[in-house]
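Some notes on the structure that comes next.
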Amino acid sequence: MHEMILTTLWTVVKILCVVLPLFGAVAYLTFAERKIIAYMQARLGPNRVGPKGWLQPIADVMKMFFKEVIIPTNANRYLFLLAPIFALAPALAAWAVIPFSATMVIANINAGVLYVLTITSLGVYGIIIAGWASNSKYAFLGALRSSAQIISYEIAMGFALVGVLMAAGSLNLNQIITAQQGGIIHWYWLPLFPLFIVHWISAVAETNRSPFDLAEGESEIVAGFHVEYAGISFGLFFLAEYANMILMAFLAAIFYLGGWLSPFQGIPVLEEFFAFVPGIVWLFIKAGFFIFLYLWFRATFPRYRYDQLMRLGWKVFIPVTIVWLVVLAVAIKLDLGPWFA
Amino acid sequence: MLKHLKHWLKSFSLWELLKGMSVTLRYFFAPKVTIQYPEQKTPKSPRFRGLHALRRYENGEERCIACKLCEAVCPALAITIDSEEREDGTRRTTRYDIDLFKCVYCGLCEEACPVDSIVLTRIDDFFMDKRGDQVITKQELLTLGDKYETQIASDRAEDAKYR
């Protein structure tokens, strides 16, 4: 009995150790987004609140907290307020299996990849429920678009992950990382290059980020599924979206860039020189690169048209992944080095 | 056939997308053009037409002789003038009101003025916080003129050779 309480408490502490920094990261990701996009547009971005604008996200959060939560007439009250929670919960729950280093992981489960896939697909319920419960045509259209898009790209993403599973021979995220041991050229981005690209583009589409952000197409459907939300209920959607972005960046780093493995593995002098750097730092640098890509895409690409989006998902990505799975199967069968030897 | 292959290669290598991203990355490191407004301002022409002012002669006598040419020429009917004879026998305004909401800042009053009394200054960042404050009176206009006389005079001098 005593032991049970202790393990529960310990788990809660571990969860807080992941979730609280995540909230901070989301706040400062919004700041980074505004700054980076501004710089790419030859502007300066927010620089007035606090030194160099570093308190801007705090001000934004305070504003969200103190704004009124408006519930539209004829909206389904309970579902309307539950939807942001449905959106946020999976975005946080998926972090349970992310290995920050060889030992730092909340739940080191064998079906890690499956767990991540199932939990992230649940996120679409938040969007559907939000769109339906708002009793607004814009929100409803946004929700329909978003759910169709997420479901379509999940297939391409799933197929890309099949390649990772074939290469690593495991569903456990830590084992996938250790299977990539041996330096930059051993990481899966090289043997699975087409899958890596497809996976990353699908990840951008999965999180409803630009250029796949038709779910909130300002010009046609105002703001999509979250038009009717205000104050902190909108803030939760925001939090979920950005938490999902960070999650996708970490997953891409784990699946294709060797997670917490050092990039200098196998290089004689540099390997010893950088041996003191803990694995978590490498993981953060790799994930940071993907997060920067998110913002870079948003600053560069115009929004897709809906039929083009569907065409890309179904008629390009899925065939490409299937073809590469066949190539990969042959490579594994032939023990092609250095990856599958 | 070759054309198809070329198109196929181009789209699968994401060539156009990478080209677009290289543009944004270049701009990421390029110098920024933002003007930090209250601290930095863009240069203004001496002909800038902002807030009005009434000038005085160097001996302190107000220039305005209440000829009402500005009132007559004003296309927006923003100027209201009443006049009276002063003890020394000269004609002076007793009331010189400009409604800043009616004014279109065309500068015709300044053009019409025979004694260079009413002028438009460089001031463009003014505000009022009470209803009714948009009508500025003779006293306020004269104060503005006194305050910014050096600037007004140098602007007029700079533009004089083009008139």
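The values are calculated or read from the model by the stated rules, or taken from the named source; none is laboratory data. As the structure is a computational prediction, the values presented were derived from the model and not from experiment. Reconstructed Cβ throughout: ideal geometry from the backbone, glycine too, with neighbour counts over all protein chains shown. The area values use the complete protein model at the heavy-atom level, side chains included, leaving out ligands, DNA and RNA. Shrake-Rupley method; radii C 1.70, N 1.55, O 1.52, S 1.80 Å.
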(message) Tell me the residue from B:Lys3, B:Lys19 that is over 18 Å from the mean Cα position of the chain (by Cα), more than 14 Å from chain A (Cβ to nearest Cβ) and either aromatic (Phe, Trp, Tyr) or in a helix (DSSP H, G or I) (or both), please.
(response) B:Lys3
(message) Take the residues in the stretch A:107-127 that are farther than 17 Å from A:Leu92 by Cβ and more than 19 Å from the chain's Cα centre (by Cα); name whichever of them is surrounded by the fewest Cβ atoms within 10 Å (Cβ to Cβ).
(response) A:Asn110
(message) When the residues of the stretch B:23-62 are narrowed to those that are more than 11 Å from chain A (Cβ to nearest Cβ) and of a type in the set (Phe, Trp, Tyr), which ends up farthest from B:Leu142 (Cα to Cα)?
(response) B:Phe48
(message) If A:Ser101 satisfies all but one of (1) touching a Gly at 6+ places or on another chain (Cβ under 7 Å); (2) not aliphatic (A, V, I, L, M); (3) not in a loop (DSSP other than H, G, I, E, B), what's the number of the condition it fails?
(response) (3)
(message) Can you report the number of residues in the stretch A:300-341 which are more than 27 Å from B:Phe28 (Cα to Cα) and either touching a Cys at 6+ places or on another chain (Cβ under 6 Å) or in a helix (DSSP H, G or I) (or both)?
(response) 28
(request) Could you please find all residues in the stretch B:8-66 being among the aromatic types (Phe, Trp, Tyr), open to solvent by less than 80 Å² (accessible area, probe 1.4 Å) and out of contact with any Phe, Trp or Tyr (no Cβ under 8 Å at 6 or more places or on another chain)? (result) B:Phe48
(message) aromatic (Phe, Trp, Tyr), open to solvent by less than 10 Å² (accessible area, probe 1.4 Å) and within 14 Å of A:His226 (Cβ to Cβ): is that true of A:Phe140 in this structure?
(response) no
(request) Tell me, please, whether a residue that is within 30 Å of B:Trp8 (Cβ to Cβ), of a type in the set (A, V, I, L, M) and open to solvent by less than 20 Å² (accessible area, probe 1.4 Å) can be found in the stretch A:300-316. (result) yes
(message) Looking for something within 14 Å of chain B (Cβ to nearest Cβ), part of a helix (DSSP H, G or I), more than 13 Å from A:Ser202 (Cβ to Cβ) and among the β-branched types (Val, Ile, Thr) - is there at least one such residue anywhere in the stretch A:283-299?
(response) no
(message) Within the stretch A:89-102, does at least one residue satisfy the condition of being more than 24 Å from A:Met248 (Cα to Cα), modelled with pLDDT under 90 and either open to solvent by less than 40 Å² (accessible area, probe 1.4 Å) or within 14 Å of chain B (Cβ to nearest Cβ) (or both)?
(response) no
(request) Would you mind finding the one in A:Thr7, A:Thr30, A:Thr73, A:Thr11 that is away from chain B (no Cβ under 14 Å) and either modelled with pLDDT of 90 or more or open to solvent by less than 40 Å² (accessible area, probe 1.4 Å) (or both)? (result) A:Thr30
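Taking the options B:Asp88, B:Asp97, B:Asp82, name whichever one is free of Cβ contacts under 8 Å to residues at least 12 places away in the same chain, of a type in the set (Asp, Glu) and away from chain A (no Cβ under 14 Å). It would help to see each step written out before you state the result.
Numbers: B:Asp97 fails: free of Cβ contacts under 8 Å to residues at least 12 places away in the same chain; B:Asp82 fails: free of Cβ contacts under 8 Å to residues at least 12 places away in the same chain.
Residue meeting the stated conditions: B:Asp88.
For the stretch A:319-341, what are the residues that are open to solvent by 80 Å² or more (accessible area, probe 1.4 Å) and closer than 11 Å to A:Pro194 by Cβ?
Answer for the stretch A:319-341, where residues must be open to solvent by 80 Å² or more (accessible area, probe 1.4 Å) and closer than 11 Å to A:Pro194 by Cβ: just A:Val323.
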(request) Under 6 Å between Cβ atoms, at least 6 apart or on separate chains: pull out the pairs that start in the stretch B:141-163 with a residue that is within 14 Å of B:Leu120 (Cα to Cα) and end on any residue that is open to solvent by 70 Å² or more (accessible area, probe 1.4 Å) and not in a helix (DSSP H, G or I). (result) B:Asp159/B:Arg47
(request) Residues being open to solvent by 80 Å² or more (accessible area, probe 1.4 Å) and of a type in the set (Ser, Thr, Tyr): count how many of those fall in the stretch B:129-146. (result) 0
(message) Among the residues that make up the stretch A:257-268, is at least one of them open to solvent by 10 Å² or more (accessible area, probe 1.4 Å) and assigned to a helix (DSSP H, G or I)?
(response) yes
(request) Pull up the stretch A:37-65, narrow it to residues that are in contact (Cβ under 8 Å) with a residue 60 or more places away in the chain and either of a type in the set (Ser, Thr, Tyr) or open to solvent by 30 Å² or more (accessible area, probe 1.4 Å) (or both), then point me to the one that is farthest from the other protein chains (Cβ to nearest Cβ). (result) A:Phe65
(request) Confirm whether A:Arg145 is open to solvent by 10 Å² or more (accessible area, probe 1.4 Å) and closer than 17 Å to A:Ala203 by Cα. (result) yes
(message) Against the condition away from chain B (no Cβ under 14 Å), over 20 Å from B:Gln36 (Cα atoms) and open to solvent by less than 40 Å² (accessible area, probe 1.4 Å), how does A:Leu82 come out, does it pass?
(response) no
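Criterion first (away from every other protein chain (no Cβ under 14 Å) and of a type in the set (Ser, Thr, Tyr)) does A:Tyr306 satisfy it?
yes
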(message) Looking at B:Ala53, B:Ala72 in this structure, which one is small (Gly, Ala, Ser), at pLDDT 90 or above and in contact with a Gly (Cβ under 8 Å, 6 or more places away or on another chain)?
(response) B:Ala53
